[in-house]
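Peer 1: Have a look at this one.
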Amino acid sequence: MKATYNQPNKFRLEKQGVGANRVLDPYKPMVALTFDDGPSPLYTPVILDVLDEHNSAATFFVLGTEADRNRELLAEIIQRGNEIGNHSLNHRDFTKLSIEELNYQINTTQDIIEEATGYAPLVLRTPYGFVNVDLMKELHMPVILWSLDTRDWESRDPEKIYDEVFENVKDGDIILMHDIYESSAEAVKQIIPELIERGFQVVSVSELSRLREVPLQAGNIYSNLY
Ligand SMILES: [Zn+2]
């Protein structure tokens, strides 16, 4: 097993080529939309269509196992201007793994994504958002958590998901959703146009970092960029 990715690697940081064709204004409000645990052949394409329709982008924190089964969809996520992040191979709790298991979870997923898309992810979201000090020392990628949890996995109700967003959203939020539920895909059809209506730009995590001029650094945890 080669351990090439869970290591500091400056070159990969230069390969950030996603979302290149969109014109974004660093002085206007923005939120990063993130989707975990996919990709899903049923619901990810629905979300991609809504993003395209509204000239928006998101970060998809995929599982290696799902990515492996859906390589064409993975490539499509990137080709349509979005970002892919690493969310582990099969959703193990990283705080309970040996270093070997941890590196396997991260590196295998990086390999699958790079083979399918030509891009290795720049950002990592730990399963369940679990992190601790010991784990952070072993993670050589920036860890992206969230500031707005839509609780879509719990409610499975498009209206409740929508309300969670609009009762809480503010400039610089990182919004957590999942692209594996029909209710989440349905909610996105209402949420994205309404965010734009309210003056927000809908961006990927790396775009948020670039626009806010806050470089994402390995060893750090980011829950928002306010
Ligand atoms: Zn997850």
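The values are calculated or read from the model by the stated rules, or taken from the named source; none is laboratory data. Since we're looking at a predicted model, the values are computed, not measured. Ideal geometry is used to build each Cβ from the backbone, glycine not excepted, and the neighbour counts take in all protein chains shown.
Peer 1: Give the residue, chosen from 186, 194, 213, 182, that is among the charged types (D, E, K, R) and modelled with pLDDT under 95.
Peer 2: 213
Peer 1: Mind listing whichever residues of the range 60-78 are away from the ligand (no atom under 13 Å from the Cβ) and under 25 Å from residue 196 (Cα atoms)?
Peer 2: 76, 77, 78
Peer 1: Examine the range 157-177 for a residue that is touching a residue at least 24 places away in the same chain (Cβ under 8 Å), among the basic types (Lys, Arg), closer than 17 Å to residue 195 by Cα and away from the ligand (no atom under 16 Å from the Cβ), and state whether such a residue exists.
Peer 2: yes
Peer 1: Of the residues that sit in the range 79-106 and are under 19 Å from residue 134 (Cα atoms) and in contact (Cβ under 8 Å) with a residue 60 or more places away in the chain, which one is nearest to the ligand (Cβ to nearest atom)?
Peer 2: Only one residue fits best here, namely 106.
Peer 1: Then there is this: So residue 214 fits all but one of (1) β-branched (Val, Ile, Thr); (2) within 13 Å of residue 35 (Cβ to Cβ); (3) away from the ligand (no atom under 16 Å from the Cβ); what number is the exception?
Peer 2: Tallying (1) β-branched (Val, Ile, Thr); (2) within 13 Å of residue 35 (Cβ to Cβ); (3) away from the ligand (no atom under 16 Å from the Cβ), residue 214 fails exactly one: (2).
Peer 1: Given the conditions (1) under 24 Å from residue 45 (Cβ atoms); (2) assigned to a helix (DSSP H, G or I), which single one is not true for residue 210?
Peer 2: For residue 210, the failing item is (1).
Peer 1: Please specify each residue of the range 51-107 satisfying the condition of being more than 30 Å from residue 23 (Cβ to Cβ) and among the aliphatic types (A, V, I, L, M).
Peer 2: Across the range 51-107, the qualifying residues are 63, 89, 97, 99, 102, 106.
Peer 1: If a residue has to be touching a His at 6+ places or on another chain (Cβ under 7 Å) and either of a type in the set (Ser, Thr, Tyr) or modelled with pLDDT under 95 (or both) to count, how many in the range 1-48 make the cut? So that I can check it myself, show each step before the final result.
Peer 2: Restricting attention to the range 1-48, the residues satisfying the condition of being touching a His at 6+ places or on another chain (Cβ under 7 Å) are 6-8, 35-37.
Next, only the ones that are either of a type in the set (Ser, Thr, Tyr) or modelled with pLDDT under 95 (or both) stay: 6-8.
Going through the range 1-48 one residue at a time, the tally reaches 3.
Table: residues versus (1) of a type in the set (Asp, Glu); (2) surrounded by fewer than 23 Cβ atoms within 10 Å (Cβ to Cβ); (3) touching a Lys or Arg at 6+ places or on another chain (Cβ under 6 Å).
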{"site": "49", "(1), (2), (3)": "yes, yes, no"}
{"site": "54", "(1), (2), (3)": "no, yes, no"}
{"site": "113", "(1), (2), (3)": "no, no, no"}
{"site": "131", "(1), (2), (3)": "no, yes, no"}
{"site": "142", "(1), (2), (3)": "no, yes, no"}
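Peer 1: If I go through the range 107-126 residue by residue, how many of them are hydroxyl-bearing (Ser, Thr, Tyr), more than 16 Å from the ligand (Cβ to nearest atom) and more than 19 Å from residue 48 (Cβ to Cβ)? Give the steps one after another, and end with the answer.
Peer 2: To start, the set of residues in the range 107-126 that are hydroxyl-bearing (Ser, Thr, Tyr) comprises 108-109, 117, 119, 126.
Then drop every residue that is not more than 16 Å from the ligand (Cβ to nearest atom), which leaves 108, 117, 119.
Checking which are more than 19 Å from residue 48 (Cβ to Cβ) leaves us with 108.
Adding up the residues that qualify gives 1.
Peer 1: May I ask you to say which residue of 133, 188 is among the aliphatic types (A, V, I, L, M) and either within 20 Å of residue 43 (Cβ to Cβ) or under 18 Å from the mean Cα position of the chain (by Cα) (or both)?
Peer 2: None of the others qualify; the one that does is 188.
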